[in-house]
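Only the coordinates and a few stated rules stand behind these numbers; no lab work does. All figures in this text were calculated on a predicted structure; none of them were measured in a lab.
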């Protein structure tokens with residue numbers, strides 16, 4: 001059975017990986033530049049679009065990695081077939 005420390009360790013490891021690969025300042029700058037005008041400025045609507053996309057991307061990456069980690073650790077099992 002998984003305890004609080006175990007899930008915290010798994011989630012912490014996933015977040016650490018995400019922040020060192022996908023959420024670096026350089027990667028964020030690259031992604032936000034797609035929403036900026038020719039002068040490098042961003043208006044409110046585009047900022048909101050960027051934030052929504054970042055949220056979706058992070059959630060997708062996190063969920064995928066969480067399921068993979070739980071499976072690797074043996075916490076996910078195949079249900080019996082009926």
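Helix 44-72 sits at what angle to the longest principal axis of the chain, using alpha carbons and giving 0 to 90 degrees rounded to 10?
20
Once fully extended, how much extra length lies between residue 30 and residue 47, figured as 0.36 nm per residue of separation less the alpha-carbon to alpha-carbon distance? Before the final figure, lay out each step's value.
Details: separation 17, 0.36 × 17 = 6.12 nm, distance 1.40 nm.
Stretched out fully, the residue 30 to residue 47 stretch lengthens by 4.7 nm.
Take the alpha carbon gyration tensor of the chain, find the square roots of its eigenvalues, order them as a ≥ b ≥ c, and report rounded if a/c is under 1.5; if not, report prolate when a/b exceeds b/c, else oblate. Before the final figure, lay out the partial values.
Values: a/c = 3.75, a/b = 2.48, b/c = 1.51.
It is prolate, given that a/c is not under 1.5 and a/b is the larger ratio.
Would you mind calculating the relative contact order of the chain from Cα pairs under 8 angstrom and at least 6 residues apart, reporting the percent as a whole number? Intermediate results must be reported in sequence, preceding the final value.
Working: 24 pairs, mean separation 32.2, N = 82.
Reported as a whole number, the value is 39 percent.
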